Every structure is written in structure tokens, then in C-alpha cells.
1. Amide H neighbours of residue 134 under 5 Å, counting only residues 5+ apart in sequence or on other chains, H built in-plane at 1.01 Å?
2. Using θ = phi - 60° and the Karplus form 6.51 cos²θ - 1.76 cosθ + 1.60, what ³J(HN,Hα) does each residue of region 92-102 get, whole Hz, x for Gly and Pro?
3. When only Cα pairs under 8 Å and 6 or more residues apart are kept, what is the percent relative contact order across region 291-355?
4. Could you point to the residue in 250, 186, 378 farthest towards the positive end of the chain's charge dipole, with +1 and -1 charges on the Cβ of Lys/Arg and Asp/Glu respectively?
5. With a 10 Å Cβ neighbour count serving as the proxy for reagent exposure, in which order, fewest first, do 262, 147, 99 appear?
6. For residue 186 and residue 341, compute 0.36 nm times the residue count separating them, minus their Cα-Cα distance, and round to one decimal in nm.
7. Mind pulling the per residue volume of the convex hull built on the Cα atoms of region 138-295? Å³ is fine.
8. With 10 angstrom as the radius, rank 109, 316, 391, 311 by how many other C-beta atoms surround their C-beta, starting from the fewest.
Amino acid sequence: MRISSPLRLTALALLPVALAACSSESASTSTEERRAAQVDDSSHDDGHDGHDEGHEGPEGSATEEAGAQPRLAVSYDGGVQVLDAESGEVLLDEPVDGFVRLNPAGDDRHVILSRAGGFGALDLGAWTEAHGDHGHSWTVPPALTDFSVAAEEPGHVVAHAGTTTLFDDGTGTVTAFDTDSLTELASKAPDMTTWTLDQAHHGVAVVDEHGSLIHTVGDQDGATGIRVETNGGAELVASPVRGEGSCPGLHGEAYLGEMAAFGCQDGVLLIEGTELTKVDSPDAYGRIGNQAGHESSPVLLGDYKTDPDPRGGLERPTRVALVDSRDAALRLVDLGTSYTFRSLGRTENGDGVVLGTDGALHLIDVERARVTRRIDVLDPWREPTDWQQPRPTLEVVGDTAYVTDPERSRVHVIDLTAQGAGAVSDSIELDVVPNELQAISGRASDGRPA
């Protein structure tokens, strides 16, 4: 591995290179301009001194709101929209060439775009700053920022422990930056650290709590293992390339607290610090390629496929995997319906949520490994064979689920704590066919309400 020293990157122009990633009309306008208002400290007195100054957004001064403002980013063929998640108002409609993937930036405000030529950053324009026992919620007009990191094949984005890490499949280049630096994009670009791996491959990387780099190793056929290195390049630990403890067909990443989990075609590889634990699938080929973790749950939710050569090139699994990091146990839960790689989510308390092709959300008690509730949302649907084509997509923020409905150009809003028909609390009408979806809560980063 060749390592470059930290450097400052200025905004880079996008390159006209076709996007190749895993698993995805006019100039930028908003349907209704929001008037930016300068916050007046003299009219805001809650006994706290000097805390409302200098909140500058990319298009002017931030406006203080009465409470958190949840927002949605929706990609479609030709661009991306930002919506007010409560009113459904389109706040931004930004044209973007080519297929675009949406990735959480890690700050509950920005979304990282994987698009033709590299990575970009979309500011959804809503956030809450914690202040003592309460928070102050702010908005600015959402905008596609000037942030850009060139990449031949922009792939996975991982946000963890205050660092956001980008992976370029085409060059094997890993780029990392302080997640909080995204709030200063209007005035300066983030300081970046880059690494170039020995071989380019379809992989993933993350900077852990200790500043070490965890990254895949592989070749043109894909990832074959994991290596953990110090920021200076000294190897701390690496998984075997083959045999016991190896992770063939490695794909996907999620975190359970400070424990990283990587999917394999025969189980899951868990990494905590420099300790590696391989959890084997009950089947010789039991692929877990997509995962949903939780910061306070020790149990990983993953998909589960058993056919290495499915007819038509697409397996439609009906079971999901639950991997308990405490005892390295893997349990399977049969949903009675198939699902896709955009079907996995976690609730506020860590329960699993899976969107089935039967049109329902299936809530799973991950401790007892059983389905506890079923919420009907859509008509039954069938997964398209091309992974980049729109299909119903699940996004869970807290105890609210958002589900796209490409057939009817809608986003459904579901209260996961409600019972009966009232669980589907709203349906937002769109003027585009939704593909990928990301949501922000607009709350403080520590979860404190506004």
C-alpha cells in the first residue's frame, strides 16, 4: 500500500467517466424560495450566552426553526430531489447526469453522491445543534455543493467515528475526511487523507475509532479479505486469503457499536480493534452481502442467499440472517416473502425492519429472532433483474420508515410505533419515478430532540 500524507483538496471538476458501482431539467431550482433570515440574538433569550451567531449556510444565513425539520433525498433518472419530509414540498430539483447513488455522509445533514466522475455532496439543509438540555434547529436552502472527489468508479461510502471514507473501485484509492468539516463547505474544502491500495477492486474501507484504516484486499475479480493498518501503513492484522477464517466474496460493511462486520459468501467477518472473528453460515454457500447494523445492538441484520448460480442471474431470498456478535451465533429468520438489497433497516431500539415483495414491512425482534409485526404498505411487487432499476426502497430514521413506490411515484411514511392501518401516516406524491432514497431526521447528532 502506498500512503500519501494528509493534504488539502480543492474542489475538483467532475470527469466525464461512466459510473460503475455496486448492488444503482433544468438548472438547480427549488419550487419555493425560502427567505433566509438573519438570527437576531437580542430577540432570543433563553439564559444561554453567545450561541446563535454565525450560522452561515451555502446560500445565506440559516433560519432558526421551531423544531427539527426532517428531509428526504430522492434520486431519479436525470437528477436528485430534496423534499420536506413532512409537507412533501420539493425544496430542490437538481439535474445530475448518469446513474447516481445516495450515501449517508454521517452528519445527519449531507448526502454523498456516487456519480459519473466521482463523489459529490448534497446539503439537505436541515440540522439541530445540541445546547445543554435542548437543541436549536436550523435550515438553509438545500444545495448541491461544490465538494467533489474525482473517482474512476465511485463506490462505497462509509461514515463512522467522525470520519467519512470514500472508495474508488477503479483505482483502489481511499479518501477520508472529518465528517464535521462538511459544515464548512461554503468557505473551504475538507482536509483529505488518501491511500492507494496495491490492487484496484470492488471494495470498501473505513477509518476506525483509533485512526486505523480497515480496508478490503482483492483484485479485478473482487475483494478476498480484510487488512487493518495504522495511518502510517504498518499492518496490524489481516484475514487469511483462503481457508479457515477467510472471507471469500467479501461485500458490504456495517457497524455494531465499535465492531465492524463484513459480509462473505460463507458468513460474516467481525473485526474489533485487531481481533478477527469469522462467523460461518450454516450452508456451504450462504452469502451475506448486504447488512444493517445498529450503534447499540450487538446483533447484525443481513440478507442471506444460498444459490451461487441462480437461474436468470437473480436469487430471490426469503430468509434473513441475524449475527450475534456476543457469541458469534448466526440465526436465520424466514419471512415467507422475498426482498432486495434496498430492503433492510433498523428501528430506534435496534429491531430489524425488512421490506418484502409482498408489499409489507416485517419487524423482527433480533434478540428472539422472530417476526413480531407486519405492516402493509404497498401492493405486491417483483424485483427487477437490473440492480440499477427502480424498486421499492426502505429508509428508516428513528421509528419512522420511508418507502418509495416507483409504480405510483410516491414515498410512503410509516410510524413504526403505531398499530393497525394508522401506521401508514402519509404518502408524498412525486413528479418523478423514485430510485434511491436517503433521509435525515434534522435532530441533534446525539438524538436529543429540538
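1. Residues meeting the criterion, in which the H sits 1.01 Å from N, do not exist here.
2. Each residue's phi maps through the Karplus curve to give 7, 10, 10, x, 9, 6, x, 6, 10, 10, 10 Hz.
3. Values: 109 pairs, mean separation 19.7, N = 65.
Contact order relative to length: 30 percent.
4. Farthest towards the positive end: 250.
5. Details: 262 28, 147 24, 99 18.
Ascending number of Cβ neighbours within 10 Å: 99, 147, 262.
6. Working: separation 155, 0.36 × 155 = 55.80 nm, distance 3.45 nm.
Going from the current span to full extension adds 52.3 nm.
7. Numbers: hull volume 20.0 nm³, N = 158.
With only Cα atoms used, region 138-295 gives 127 Å³ per residue.
8. Values: 109 26, 316 15, 391 22, 311 7.
So the ranking, lowest neighbour count to highest, is 311, 316, 391, 109.
No lab work stands behind these numbers, since they all come straight from the coordinates. What you see is a predicted model, and the numbers here were worked out from it, not measured in a lab. Every residue, glycine among them, receives a Cβ derived from its backbone with ideal geometry; neighbour counts consider all protein chains shown.
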